[in-house]
Structure formats: structure tokens, C-alpha cells
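Peer 1: Before I ask anything, let me first share the structure, which is written out below as C-alpha cells.
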Amino acid sequence: MTVIGPPTADDLAPTDFLDSEHPDVVAFARRVTASATDDAERARRLFAAVRDGIFYDTSELPVDPARYR
């Protein structure tokens, strides 16, 4: 799939698995990307911060979407 253009409102809307408007999520994203100079750098920093800083156990995945938040 090729993505062309900026994300749409639907792309950025909260979901059952990502409460993107929660104050803690917004604060985390702002803190991680504070000194980034472009969108690509913000994406790299967010990816690394989530990958390296948020522990989850893949052997015990919950079935309740609320537990993912």
C-alpha cells in the first residue's frame, strides 16, 4: 500500500486500542518529539520510544480492548 499525503482525520482518531487524545498519550508524544525538526524525525522518535520504553508481554495478550490502553 502506498500512502500519499498527510494523515486524514480518520487516521488520527482514537480507536479501541489507542486512546490518542488521552492527556497522558498527548504528553508522552510531545515530550518525545519536543526537539524534532520534521515529521519523519517525530515518527522515528515515537517509534523508538514506544518500542524501547513500553513493556508488554506478548504471551499474555488480553482479549478486552480496554486493557490495551
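Peer 1: Among the residues in region 45-68, are any within 17 Å of THR15 (Cβ to Cβ) and basic (Lys, Arg)?
Peer 2: The answer is yes; a qualifying residue exists.
Peer 1: So, in region 1-31, exactly how many residues are among the acidic types (Asp, Glu) and surrounded by 11 or more Cβ atoms within 10 Å (Cβ to Cβ)?
Peer 2: The number of residues fulfilling the criteria is 1.
Peer 1: Being under 11 Å from the mean Cα position of the chain (by Cα) and of a type in the set (Val, Ile, Thr) narrows it down to one residue among VAL63, VAL26, VAL3; which is it?
Peer 2: That would be VAL26, the only listed residue that is under 11 Å from the mean Cα position of the chain (by Cα) and of a type in the set (Val, Ile, Thr).
Peer 1: Looking at region 32-50 only, could you name the residues that are surrounded by 10 or more Cβ atoms within 10 Å (Cβ to Cβ) and among the aliphatic types (A, V, I, L, M)?
Peer 2: Selection gives VAL32, ALA36, ALA43, LEU46, ALA48, ALA49, VAL50.
Peer 1: Among the residues of region 41-49, is any modelled with pLDDT of 95 or more and of a type in the set (Asp, Glu)?
Peer 2: For region 41-49, residues modelled with pLDDT of 95 or more and of a type in the set (Asp, Glu): present.
The values are calculated or read from the model by the stated rules, or taken from the named source; none is laboratory data. Worth saying up front: this structure is predicted, and the values here are computed from it rather than measured. Note: ideal-geometry Cβ built from the backbone for every residue, glycine included; neighbour counts use all protein chains shown.
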